Every structure is written in structure tokens, then in C-alpha cells.
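First up is the structure itself, then whatever we jot down about it.
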Amino acid sequence: MEEQKTRIMGIDPGTNVLGFAIIDAGKKNIQVVEIGVVTFAHLGSEQTVKLRYIFEQVQDLIRQHRPTELAIEQPFYAKNVQSMLKLGRAQGVAIAAGMVNNLNTTEYLPKKIKRAVTGNGNASKEQVAGMLENILHTTFSEKYFDATDALAAALCHWYQSSHAGLQGSKSYSNWKAFLKDNPQKIK
């Protein structure tokens, strides 16, 4: 009997580059279906044109891959208010595309995503990508940090969901405690 899997779409919103990842997640394994970026440089600087393009591209990805859940990174506080507003609009348009397609949508703070994947809420993009490579036994191009951030959002969602089968397992407040109890995990 084949394992039941949940198809999750992760999005790292942006107005210059939007990262996306589609995963099939089950209790025994996680498979990356597609990972990539959508770029907007060819569209010029008009924000409404970019927002429409984001909506259309996310819609196309949803139609193509048929995820049931959407995990998206929340905008974080930035000193540049205009950048934060643009990012919030991009996120809102991506969420709207998910809602139109009846996807269960969850937003995650960047620190929560990083902590779920690396154990460190202040991890760099390189550290997140490196941990994803270890978890999923694959390699990613360094130029696709937006895509690996989207993959991290999808994985965070899986870890946080009741589907992951992690309930009842011991939780740890830090990596040191985990490694102390699980020395076999160290290579």
C-alpha cells in the first residue's frame, strides 16, 4: 500500500524574485516535486504589473501541481517601510491565489521557519540551504536561496502539522539536548 502524502506549496514572496517549492510529504519521506524562482526584472518597476504576474504565476503553479496546502513566509520588520509594504502586497497576492484555489494557507515568521529547519532562528540563507541538503539528501544551486527559503517554509509547515506524525515524540529546546539524547545522529 502506497504511503499517503500531503502536497504542500511553499512560497518566499518577493517583488524582484519569488521563491517556490512543491513537496510531497509523508510520514516516511519527503520528496521535492519542483523548486524554483519566478523573476520580475523583465516587467519593469510598475508594482501593479508585478502583482498581477505574481498572482498568475502562483495560480499556474497551483493548477499544475495541485497542492492542498500553502505555507508562506510572513514579511518581517524592515527599516525601509516602502520595501516592507511592497513585500506585504506580494505576499497578499500569493495568499489570494491560494485562497481562490481553496488551499489551506498558513503564514510563518522567518525565524520560525529557520528554527524548524536548522534549530536556529537566526540561521543564514546558506545555513538553511545546507540543512535542507542534509535533510533531503540533495544539493541546491547557491543562486536559488529564494527557492530554498520557500522549501524551508513548506518543510516547516509539514513539521508543524498534525500530519507529520511527530506528536508524541520528544521535543527539545535546543540542538545540544537533542544531540545528547541522540548521539547516533552525529556522523
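The values are calculated or read from the model by the stated rules, or taken from the named source; none is laboratory data. For clarity, every value in this text was computed on a predicted model and none was experimentally measured. Cβ coordinates were reconstructed from backbone atoms using ideal geometry, including for glycine residues, and neighbour counts include every protein chain displayed.
Values for this structure:
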| read-out | value |
| --- | --- |
| Residue in the stretch 60-79 that is out of contact with any Lys or Arg (no Cβ under 9 Å at 6 or more places or on another chain), under 15 Å from T15 (Cβ atoms) and exposed (fewer than 13 other Cβ atoms within 10 Å of the Cβ) present | yes |
| Residue in the stretch 47-55 that is touching a strand residue (DSSP E or B) at 6+ places or on another chain (Cβ under 9 Å), at pLDDT 95 or above and surrounded by 13 or more Cβ atoms within 10 Å (Cβ to Cβ) present | yes |
| Condition met for L18 (closer than 25 Å to E133 by Cα and surrounded by 17 or more Cβ atoms within 10 Å (Cβ to Cβ)) | yes |
| The lone exception for N80 - which of (1) free of Cβ contacts under 8 Å to residues at least 12 places away in the same chain; (2) closer than 26 Å to T139 by Cα; (3) of a type outside the set (G, A, S) it fails | (2) |
| The listed residue being aliphatic (A, V, I, L, M), farther than 22 Å from N134 by Cβ and surrounded by 17 or more Cβ atoms within 10 Å (Cβ to Cβ), out of I23, I35, I11 | I11 |
| Boolean, A97 is out of contact with any strand residue (DSSP E or B) (no Cβ under 6 Å at 6 or more places or on another chain) and either assigned to a helix (DSSP H, G or I) or in contact (Cβ under 8 Å) with a residue 40 or more places away in the chain (or both) | yes |
| Subset of the stretch 1-29 [more than 14 Å from A150 (Cβ to Cβ) and β-branched (V, I, T)] | T6, T15 |
| R7 vs. criteria touching a Pro at 6+ places or on another chain (Cβ under 6 Å) and of a type in the set (K, R) | yes |
